[in-house]
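Since every read-out is calculated from the coordinates, none of them should be taken as a lab result. Please read these numbers as outputs of a predicted model, since none were measured by experiment. Cβ coordinates were reconstructed from backbone atoms using ideal geometry, including for glycine residues, and neighbour counts include every protein chain displayed.
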């Protein structure tokens, strides 16, 4: 039976994650808020410091995010297919623009300060959505040629290579790490030739190892803005205990592991984190997961992971049940994006992946990240309105590739 309303199970889980994120930010951002507002006092921007600076900004992000979500859910889904090229071109243009007028943070030029907005815009977050929309548009129109190397695979991958090149210039390898799985998943669901994917994977691995080797053996005078990637990979390959003992691990990763280890099974208790008081950098952003583990323990972390897995299962169910082939591809891309981002962030916190600067979806502090995710979820739930779940409720294997006839 075709659904007439959005998938409320996903909506309420996303809402729960956002509320939980606000609660955790209220806990972890006390020290960072006091630190940044104290600096603002010295500049004459505030009268006195406070402990809720990041919480208030996060509330602003949430309000704007739900406004965007409400607009997108009510927008006819055909709008995104009609303007897919325009959305993609706008995303590419923003990545080019940021190279010239963007603000630099932690060695990457990826933010644009927009007047009258309470936060800087990070164009790459919205580009991910634009890439999904355009690739879905491409796959629908080339579905009879997508298995062909010259007419399908090469032009499909060329769109991604353009984005990847612009991200390398920032540099932002974390976003490349996120975009790659969604590009592969959409190609697979679009009935692309897996042999082409395997061949390109080998080319990518050889290229990555070659670049790593060049940076690894470069002299101190030869090191550049990309060399930090080699350091992060080395930290990732090192044994956690030996790396901490020998002080070869990244300080941020070390403090994150200490936080996770301190939490144990049941946690130290809400608000009782030690690492959040200046020991763990980016505690309200990239490493909020570590403090969640420290304060609430392994049981709560397990429950949190299960919520992301439920969205993954439900998202692919929507993709499978979609009556529109464009919607099927978009739902696949959005679900893959969310799942990849969540588990890259968790992997970084556990030191099973190199540092990337990726936020935990709906929970970490970050205006552009939250807005882009709410935009994507609004589109996903828009697609769920036209999904025919009755046709797939007895099927097994959500990644089964049904060729479109």
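Between residue 149 and residue 47, take the C-beta separation as r, use R0 = 60 Å, and let me know the FRET efficiency to the nearest 0.05.
Given R0 = 60 Å and the Cβ-Cβ separation, E is 0.40.
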Send over the semi-axes of segment 313-387's equivalent ellipsoid, whole angstrom and largest first, taken as the square roots of 5 times the C-alpha gyration tensor eigenvalues. 26, 14, 8
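What FRET efficiency would be calculated for the residue pair residue 272, residue 193, taking the C-beta separation as r and a Förster radius of 56 Å, to the nearest 0.05?
Values: r = 54 Å, r/R0 = 0.96.
So the FRET efficiency works out to roughly 0.55.
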For segment 61-111, place one equal point scatterer on every Cα, skip the solvent, and apply the Debye formula. What is log10 of I(q)/I(0) at q = 0.22, 0.23, 0.24, 0.27 Å⁻¹? -0.90, -0.91, -0.91, -0.92
Can you pull the three principal axis extents for the Cα set of segment 1-41, in Å, largest first? 59, 17, 7
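Thinking of segment 1-151 as a set of Cα atoms, what percent of all their pairs are more than 28 Å apart? Spell out each step's value before the answer.
Numbers: 4719 of 11325 pairs.
Considering segment 1-151, 42 percent of its Cα-Cα pairs are separated by more than 28 Å.
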In whole Å, largest first, the alpha carbons of segment 8-391 cover along the principal axes 60, 51, 44
Give me the extension gain from residue 82 to residue 203: residue separation times 0.36 nm, minus the current Cα-Cα distance, reported in nm with one decimal. 40.1 nm
